[in-house]
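This report refers to the structure that appears directly beneath it.
The values are calculated or read from the model by the stated rules, or taken from the named source; none is laboratory data. Quick caveat: nothing in here was measured; it's all calculated off a predicted structure. Cβ sites come from the backbone with ideal geometry, for glycine too, and all protein chains shown count toward neighbours.
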Amino acid sequence: MANQDTARLQQLDRDHYLHPFTDFKSLGEEGSRVVTRAEGVYIYDSEGNRILDGMAGLWCVNIGYGRKELVEAATSQLEQLPYYNSFFKTTHPPAVALAEKLCQLAPAHMNRVFFTGSGSEANDTVLRMVRRYWTIKGKPEKQWVIGRKNGYHGSTVAGMSLGGMAPMHEQGGPCVPGITHIRQPYWFGEGRDMSQDTFGRECAAALEERILELGEENVAAFIAEPVQGAGGAIMPPESYWPAVKEVLAKYDILLVVDEVICGFGRLGEWFGSQHYDLEPDLMPIAKGLSSGYLPIGGVLVGDRVADTLINEGGEFFHGFTYSGHPACAAVALRNLELLEAEGIVDRVRDDLGPYLAKRWASLADHPLVGEARSLGLMGALELVADQQTGERFDESLAAGNLCRDLCFDNGLVMRSVGDTMLISPALVITREEIDELIGLTRQALDETARRLIRWQPA
Ligand code: PMP
């Protein structure tokens with residue numbers, strides 16, 4: 001595409017398109033990058049630049065770009081039955097087949113799924129189901145849901161209320177009542193004055209304290225991501241989940257594990273719950289379910305909740321026009337079949353995850369890096385002004401955004417959350433492509449250091 005076309009698209013974009021999670025005015029001043037096509041782990045912009053997509057879109061293109069099988073699944077389903085709903089006692093083959101496949105892959109006690117159009121809608125569904133469950137059980141006062149500060153569960157009103165993103169609450173409040181947030185298990189950011197082990201236990205103890213403050217009889221559920229994604233690829237200390245499980249075992253409270261990012265292989269298991277040995281009552285899913293090719297989400301429901309809703313609940317007044325959309329379901333099913341047939345999830349666990357871990361850890365010697373952590377194919381770098389003390393850069397320097405922009409200019413998509421740099425590449429990335437990703441990251445770190453601390457490589 002010629003320069004002129006890029007300029008024209010940028011102008012139309014500025015004139016008419018309000019982007020998600022964007023400062024509209026400053027984007028208008030800078031102009032958008034126009035992405036026109038993609039293949040494998042690479043995206044291409046309108047100027048012909050090839051860019052390694054270290055984020056798999058928005059943590060979702062697990063199977064990589066350009067899979068013809070998914071195009072074929074969409075096309076043939078659109079020809080056969082482009083749309084029908086599953087309200088009013090109807091169903092259709094792709095939604096049934098996808099439901100069956102999902103329940104095969106999920107932990108053994110999860111045998112039902114409710115479909116939605118996105119991860120946010122999945123979490124709206126979670127809130128409706130959790131409250132409905134306790135009402136059916138004759139405990140309507142069990143209404144409180146405990147989430148975590150800096151957790152992310154979507155951008156609808158219920159999603160942002162369940163999440164603990166302060167800037168979203170400030171713009172979107174008042175939030176849905178009956179939701180409260182406890183501290184997050186973010187050791188680098190909040191716990192370095194103690195061991196990881198102690199910190200993990202303290203964060204789990206905060207859950208018990210909140211349950212006791214609210215009264216067990218008033219608490220419906222605890223919701224958390226296995227590894228916080230949008231909050232900064234925060235892997236909790238090893239002691240955290242076992243201690244949370246101990247707390248939950250003492251009280252009659254549902255566990256909701258938000259698998260929107262961790263699901264479908266990101267951590268080297270089908271679900272993050274399997275990595276951490278969790279038994280969730282509800283699992284919201286989306287993103288990697290269709291590898292982002294078409295929009296679809298859902299909630300996997302454990303037997304305890306499903307049996308109650310089915311046998312004792314009567315009509316559940318909830319659902320979406322696109323719940324179980326035939327073309328989206330057909331693409332998701334094909335995507336899961338390919339992930340399984342090609343052994344992609346096992347490869348993340350046995351080969352690519354450990355390889356990335358080794359290569360990623362090698363970045364820890366860079367003077368800007370306070371911590372380099374990864375699990376499966378998710379990683380984070382903490383940028384610091386002083387490696388010894390872990391002191392951060394002044395906020396006004398926007399070090400993370402600078403590093404992200406330098407990455408992009410240099411042919412790599414990384415995301416920044418404050419001064420934490422994130423990666424979450426497609427699960428089909430090769431070892432060679434991981435090497436390339438590491439090399440590009442180091443170059444961007446060097447350039448960021450040059451700009452921020454006038455540093456020169458030795
Ligand atoms: N939950 C988690 C853990 C997420 O990361 C996201 C999206 N980043 C959502 C829910 C919301 O999903 P969606 O953007 O599809 O509504």
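Considering only segment 307-326, state which residues are buried (at least 22 other Cβ atoms within 10 Å of the Cβ) and either in a helix (DSSP H, G or I) or outside the structural domain of Glu269 (by TED's automatic domain parsing) (or both).
Pro326
Restricting to segment 128-159, and then to whatever is surrounded by 24 or more Cβ atoms within 10 Å (Cβ to Cβ) and within 15 Å of the ligand (Cβ to nearest atom), can you tell me which residue is farthest from His181 (Cα to Cα)?
This residue is Gly154.
Looking at (1) part of a strand (DSSP E or B); (2) surrounded by fewer than 22 Cβ atoms within 10 Å (Cβ to Cβ), can you tell me which one Phe114 breaks?
Failing condition for Phe114: (2).
Filter segment 195-232 down to residues that are part of a strand (DSSP E or B) and either within 16 Å of the ligand (Cβ to nearest atom) or acidic (Asp, Glu) (or both), then give me how many there are.
The first filter runs over segment 195-232 and keeps only residues part of a strand (DSSP E or B), leaving 219-224, 228.
Within this subset, residues satisfying the condition of being either within 16 Å of the ligand (Cβ to nearest atom) or acidic (Asp, Glu) (or both) are 221-224, 228.
Residues in segment 195-232 being part of a strand (DSSP E or B) and either within 16 Å of the ligand (Cβ to nearest atom) or acidic (Asp, Glu) (or both): 5 in total.
Tally up the residues in segment 281-304 that are assigned to a helix (DSSP H, G or I) and surrounded by fewer than 24 Cβ atoms within 10 Å (Cβ to Cβ), please.
2
Out of segment 341-390, which residues are of a type in the set (Ser, Thr, Tyr) and farther than 21 Å from Gly64 by Cβ?
Ser362, Thr389
Take Ala97 and decide whether it is hydrophobic (A, V, I, L, M, F, W, C) and within 29 Å of Gln228 (Cβ to Cβ).
For Ala97, the condition - hydrophobic (A, V, I, L, M, F, W, C) and within 29 Å of Gln228 (Cβ to Cβ) - is not met.
Checking the structure you have, find out if any residue of segment 258-268 is in the same structural domain as Pro94 (by TED's automatic domain parsing), under 29 Å from Leu78 (Cβ atoms) and of a type in the set (A, V, I, L, M).
Yes; the residues of segment 258-268 include at least one that is in the same structural domain as Pro94 (by TED's automatic domain parsing), under 29 Å from Leu78 (Cβ atoms) and of a type in the set (A, V, I, L, M).
Does segment 179-188 contain any residue that is without any contact (Cβ under 8 Å) to a residue 12 or more places away in the chain, of a type outside the set (A, V, I, L, M, F, W, C), part of a loop (DSSP other than H, G, I, E, B) and surrounded by fewer than 22 Cβ atoms within 10 Å (Cβ to Cβ)?
Taking segment 179-188 as the starting set, the residues that turn out to be without any contact (Cβ under 8 Å) to a residue 12 or more places away in the chain are none.
For segment 179-188, residues without any contact (Cβ under 8 Å) to a residue 12 or more places away in the chain, of a type outside the set (A, V, I, L, M, F, W, C), part of a loop (DSSP other than H, G, I, E, B) and surrounded by fewer than 22 Cβ atoms within 10 Å (Cβ to Cβ): absent.
If you scan segment 1-17, which residues turn out to be modelled with pLDDT under 90 and closer than 16 Å to Glu30 by Cβ?
Of everything in segment 1-17, nothing turns out to be modelled with pLDDT under 90 and closer than 16 Å to Glu30 by Cβ.
Please enumerate the residues belonging to segment 233-291 that are away from the ligand (no atom under 15 Å from the Cβ) and among the aromatic types (Phe, Trp, Tyr).
Within segment 233-291, Tyr240, Trp241, Tyr251, Trp270 meet the criteria.
Do any helices (runs of 4 or more DSSP H) entirely within segment 1-108 hold 3 or more residues that are free of Cβ contacts under 8 Å to residues at least 24 places away in the same chain and farther than 27 Å from Asp409 by Cα, and if so, which?
Helices (runs of 4 or more DSSP H) meeting the threshold: 68-80, 93-105.
For segment 229-245, state whether one or more residues are within 25 Å of Gly57 (Cβ to Cβ), surrounded by fewer than 24 Cβ atoms within 10 Å (Cβ to Cβ) and more than 14 Å from the chain's Cα centre (by Cα).
Looking through segment 229-245, none of the residues is within 25 Å of Gly57 (Cβ to Cβ), surrounded by fewer than 24 Cβ atoms within 10 Å (Cβ to Cβ) and more than 14 Å from the chain's Cα centre (by Cα).
Evaluate segment 378-397: report whether one residue or more is modelled with pLDDT of 95 or more and among the polar types (S, T, N, Q).
Checked segment 378-397: no residue is modelled with pLDDT of 95 or more and among the polar types (S, T, N, Q).
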